[in-house]
Amino acid sequence: MTSFAVLALGGIVVLVAGRLRWLTPSGQLAAAVVGLVVLLGSGTLGVTLLFVFFLSSSALSRFRADRKGRAGEPGGRSAMQVVANGGVAAGLSLLALAGWVPAAHYALLGALAAATADTWATEIGTAGRWPTWSVIGRGRVASGDSGGVSIPGTLGGIAGAALIGVVAALIVRSGAGAGDWVRMGVLAGTAGMFADSLLGATLEVRLDIIGNDEVNLGCTLVGSAAALALHAALP
């Protein structure tokens, strides 16, 4: 698929997302900018992973919405929420554009695997009446509370991270090295997901010094750093 075709497809996705109320008007603008930067810097790999994250997460947010016991984003994701989840991927794509390849692509994989894992964990974890515990050992908490973890949510998050790794491997088609992309996706995504829970339970809930957008940004930063560390450790 040519860059022009990908750009056109991205524009259609953003417009449809607005119509479906997955994005607010400011979110549409932010998503268009993030998508363009990722396309220019990371090409098909980056923009496909971005699409997979956004489309799967947006669809899951509507799954059993009446049972989730939280307000969610009735008007869609705002610009700040888009940047919190995709800003690190855009920044890494700028580094790739400047020649920091392939490291930036590994880090981008980790960032989007973490964003996907965290969002899937939240949406699946709040879709049912599962037992939920504080990640810092403060006992049972209400489903949907920041810093809360459940078994179905955690397994769902790992599945989301695995999906990002599998898609990356299919795009790269690096033969024996394809499995490395899957492993990096799963491990980096899982690391970012738990980092999100820790940040939420401590800096957001207990200390009240950051908000959910900053927590999500931290999640993707941890995911990107974990992917780089894992790649360096691979033979």
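Every number in this text was worked out from the coordinates using simple rules, so none of it is lab data. All values derive from a computational prediction rather than experimental measurement. Don't worry about glycine lacking a Cβ; one is built from the backbone with ideal geometry, like all the others, and counts go over all protein chains shown.
Points worth noting:
- Spacing of the modelled spin labels on Leu170 and Leu15, each 7 Å from Cα toward Cβ, amounts to 2.6 nm.
- Part-to-part distance (alpha-carbon centres) for region 163-234 and region 76-103, which is given in Å: 14
- Relative contact order of region 3-233, taken over Cα pairs closer than 8 Å and 6 or more residues apart, is 22 percent.
- Over all other residues within a Cβ to Cβ distance under 15 Å of Thr220, the charged ones net out to -3, with Lys and Arg as +1 and Asp and Glu as -1.
- Taking other C-beta atoms within 10 Å as the exposure proxy, Leu203, Leu170 rank Leu170, Leu203 from fewest upward.
- Efficiency of FRET from Cβ geometry, Ile136 and Trp100, R₀ 35 Å, rounded to 0.05: 0.50
- Förster radius 30 Å - calculated FRET efficiency between Leu36 and Leu207 (Cβ-Cβ, nearest 0.05): 0.25
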